[in-house]
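To start, the structure itself, in structure tokens.
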Amino acid sequence: MISAIRNRKTFDSKVLESVLAYLSGERLTKLSARFAHQVFVPFAAILVFLMLWAAGAQQVQTSLGELPGPAKVWEQGKALYGEHKDERAREADFYGRMQERVDKAIAEGKPQERIDKMRERQYTGKPTFVDQIFTSLWTVMTGFAIASLIAIPIGIVIGMSQTLYQAFNPIIQVFKPVSPLAWLPLVTMVVSAVYVSDEPWFEKSFLNSAITVTLCCLWPTIINTAVGVSGVSKDLINVSRVLKLNWFTKTAKIILPSAIPMMFTGLRLSLGIGWMVLIAAEMLAQNPGLGKFVWDEFQNGSSNSLARIMVAVIVIGFIGFLLDRGMLSMQRSVSWDKSAVMR
């Protein structure tokens, strides 16, 4: 028994010595430095920014009053979320009452036609701020997906042929810097002329915004994909010739894996541009979304409008950051170049 107690004390003392050695060693220093670099420094920078914002806002007077500071913006952010919850509660009440009427009609033996018409009635409440966030995300992802499906094959073909690259490069360089504000009137007229239907699948305002995003997302993906494909190691190309690989196999097994880092660089740039373009497109096309929300609040001119616009600005920036991080995570999952994600 005494021997077991001594052994336990010896073990505890060794564990304590190991912990103290670890805490006093180089590893703790590295962990502390890493924590300070990744957590403390960004937190301190955000805190300084909020303090400067709060102090500077008091010095700016607008036609709608004092420029809102962080506290006012936070208050309006909570108010917007509260409005969303209230709207969803009203929607649930509407469908609850509608179901009661349908059940009553069924019990009374009303015609099936009438019951079906009752079921087809939809809640017509206005979209909330949260609803408009999801609308903007749906619009930008639609435009980005269409642009990617067009741009990646074009970039691959151009990158594999110097002649095609020389042929398409002037066109790309001419259309790449065109503003979305220039594309939108053209898109609007074309959609109005071509998309004519009594029962349209999509609203014209949605198509106008999505197609404008597509046109502005094309060019970074085409350019970076072409550069990535043309920069594939000549040794790998020679290996494919020795193995007598066909065009499809060479593209799938050699070209694409080597070009993925540059391709994702183009996709990240395109998604960032598309998100910025969308806000302007929604303002002009009056498509429900964050852009329209900002424009409506600007036109509203209430005492809370500035704070609500700043809430939208912060949300737009935060969503843009999350979209970029999402693309980085996707690149890490499919690319051989894991270090590129951490830059």
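Residues in the stretch 165-205 that are touching a residue at least 60 places away in the same chain (Cβ under 8 Å), within 22 Å of the chain's Cα centre (by Cα) and farther than 16 Å from residue 147 by Cβ: 181, 203, 205. The requirement of being outside any helix (DSSP H, G or I) and either of a type in the set (Val, Ile, Thr) or in the same structural domain as residue 138 (by TED's automatic domain parsing) (or both) is fulfilled somewhere in the stretch 223-231, by at least one residue.
Consider residue 168 carefully, then state whether it is aromatic (Phe, Trp, Tyr), under 30 Å from residue 321 (Cα atoms) and assigned by TED's automatic domain parsing to the domain that holds residue 232.
Spelling it out, it is not the case that residue 168 is aromatic (Phe, Trp, Tyr), under 30 Å from residue 321 (Cα atoms) and assigned by TED's automatic domain parsing to the domain that holds residue 232.
Just checking, does the stretch 247-260 include any residue being crowded, with 23+ Cβ neighbours inside 10 Å, under 28 Å from the mean Cα position of the chain (by Cα), assigned by TED's automatic domain parsing to the domain that holds residue 317 and closer than 22 Å to residue 150 by Cβ? Yes: the stretch 247-260 contains one or more residues that are crowded, with 23+ Cβ neighbours inside 10 Å, under 28 Å from the mean Cα position of the chain (by Cα), assigned by TED's automatic domain parsing to the domain that holds residue 317 and closer than 22 Å to residue 150 by Cβ.
Matching residues to (1) of a type in the set (Asp, Glu); (2) assigned to a helix (DSSP H, G or I); (3) not assigned by TED's automatic domain parsing to the domain that holds residue 297:
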residue	(1), (2), (3)
83	yes, yes, yes
88	no, yes, yes
91	yes, yes, yes
95	no, yes, yes
109	no, no, yes
113	yes, yes, yes
133	no, yes, no
137	no, yes, no
141	no, yes, no
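Looking for whichever is free of Cβ contacts under 8 Å to residues at least 24 places away in the same chain and either closer than 26 Å to residue 279 by Cα or aromatic (Phe, Trp, Tyr) (or both) here; the options are 49, 144. Which one fits? Outline the logic, then answer.
Numbers: 144 fails: free of Cβ contacts under 8 Å to residues at least 24 places away in the same chain.
Exactly one of 49, 144 is free of Cβ contacts under 8 Å to residues at least 24 places away in the same chain and either closer than 26 Å to residue 279 by Cα or aromatic (Phe, Trp, Tyr) (or both), namely 49.
How many residues are under 25 Å from residue 289 (Cα atoms) and in a helix (DSSP H, G or I) if we restrict to the stretch 155-206? Residues flagged as under 25 Å from residue 289 (Cα atoms) and in a helix (DSSP H, G or I) within the stretch 155-206 amount to 18.
Assess whether residue 115 counts as being at negative phi, without any contact (Cβ under 8 Å) to a residue 40 or more places away in the chain and not hydroxyl-bearing (Ser, Thr, Tyr). Yes: the conditions hold for residue 115.
In the stretch 59-66, is there at least one residue being under 28 Å from the mean Cα position of the chain (by Cα), surrounded by 14 or more Cβ atoms within 10 Å (Cβ to Cβ) and closer than 24 Å to residue 294 by Cα? No. Looking at the stretch 280-311, which of its residues are buried (at least 24 other Cβ atoms within 10 Å of the Cβ), within 22 Å of residue 206 (Cα to Cα) and out of contact with any Lys or Arg (no Cβ under 7 Å at 6 or more places or on another chain)? Of everything in the stretch 280-311, those that are buried (at least 24 other Cβ atoms within 10 Å of the Cβ), within 22 Å of residue 206 (Cα to Cα) and out of contact with any Lys or Arg (no Cβ under 7 Å at 6 or more places or on another chain) turn out to be 281, 285, 287, 289, 290, 291, 293.
The values are calculated or read from the model by the stated rules, or taken from the named source; none is laboratory data. Just so we're clear, the structure is a prediction, and the values are computed from it rather than from any experiment. Note: ideal-geometry Cβ built from the backbone for every residue, glycine included; neighbour counts use all protein chains shown.
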